[in-house]
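Engineer: For reference, the structure I am asking about is given below.
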Amino acid sequence: MVGMLDNSTFDYIRDKDEIKTLMAYNKGLTKIDEIPNGVEGFYISYNNISKIENLPENLKIFYCFGNNISKIENIPDKLTEFSCGRNNITKIENLPDTLRDFWCDGNKISKIENLPRSLRLFSCGVNLITRIENLPNKLEKFYYNDNPITHVDNILIEHRIFENGFDIKWYNNIKKIQRKIKKRHIKKVRAVRIIQKNCHNWLWKPPNGINCKLAKKLFVKNKE
């Protein structure tokens with residue numbers, strides 16, 4: 001990238017003589033390079049960048065909408081807002097635990113996965129997603145328009161039932177109920193196993209249990 005901080009390439013915002021925000025929309029950039037460590041907001045939409053790399057470790061906001069990126073990678077640990085729509089991305093991955101807002105509309109993603117628990121807003125419209133699943137418990141806003149949705153988790157649905165939008169609160173409440181039912185089932189299974197084990201010990205374990213050798217002799221004798 002030539003002239004990274006040149007006024008003809010980048011617009012930037014300073015805070016106390018330190019560059020905090022860099023912006024380059026539709027400048028023909030092909031590579032991310034030479035970014036000051038103090039930058040917290042980086043906007044490079046509508047360029048020709050093919051790889052996410054060389055981002056400063058303190059970056060909090062990153063917009064790379066409308067490039068040629070095929071993979072989510074090298075994302076800083078402190079990032080809170082990330083937009084990577086209209087690229088060639090096929091998988092959601094490598095997102096930091098600090099992320100709150102995530103847009104990946106207009107890619108080639110086929111599955112909702114690997115979303116951090118911290119996420120509050122998730123937008124994945126115009127992809128190849130057929131199943132709504134793996135949504136974080138604290139998610140507040142979810143947009144999935146123009147995807148061929150056929151299932152919510154393992155439940156077959158008709159797409160028209162969500163014409164007025166997907167009710168994320170309803171989904172989270174259902175997931176809570178499912179988790180409670182699963183926990184109760186696990187407790188019951190454990191209790192049954194404990195009872196079975198104790199019954200087995202009571203019947204067979206010395207000194208009060210049945211003597212196996214004696215039982216075998218009696219069985220053979222009765223058979224004769």
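The values are calculated or read from the model by the stated rules, or taken from the named source; none is laboratory data. Given the structure is predicted, the values throughout are model-derived calculations rather than measurements. Cβ coordinates were reconstructed from backbone atoms using ideal geometry, including for glycine residues, and neighbour counts include every protein chain displayed.
Engineer: Out of all the residues in the stretch 119-134, is one or more modelled with pLDDT under 95 and either surrounded by 18 or more Cβ atoms within 10 Å (Cβ to Cβ) or in a strand (DSSP E or B) (or both)?
Structural biologist: Checked against the condition, which is being modelled with pLDDT under 95 and either surrounded by 18 or more Cβ atoms within 10 Å (Cβ to Cβ) or in a strand (DSSP E or B) (or both), the stretch 119-134 yields at least one hit.
Engineer: Of all residues in the stretch 38-92 being part of a strand (DSSP E or B) and either among the aliphatic types (A, V, I, L, M) or within 22 Å of the chain's Cα centre (by Cα) (or both), which is nearest to Cys104 (Cα to Cα)?
Structural biologist: Within the stretch 38-92, the first condition is being part of a strand (DSSP E or B), and the residues that meet it are 41-43, 61-63, 81-83.
This time we only want the ones that are either among the aliphatic types (A, V, I, L, M) or within 22 Å of the chain's Cα centre (by Cα) (or both), so: 61-63, 81-83.
Values: Ile61: 14, Phe62: 12, Tyr63: 10, Glu81: 12, Phe82: 9, Ser83: 6 Å.
Looking at residues that are part of a strand (DSSP E or B) and either among the aliphatic types (A, V, I, L, M) or within 22 Å of the chain's Cα centre (by Cα) (or both), I get Ser83.
Engineer: Could you tell me which numbered condition His185 fails, if it satisfies all but one of (1) surrounded by 11 or more Cβ atoms within 10 Å (Cβ to Cβ); (2) modelled with pLDDT under 90; (3) of a type outside the set (D, E, K, R)?
Structural biologist: Exception for His185: condition (1).
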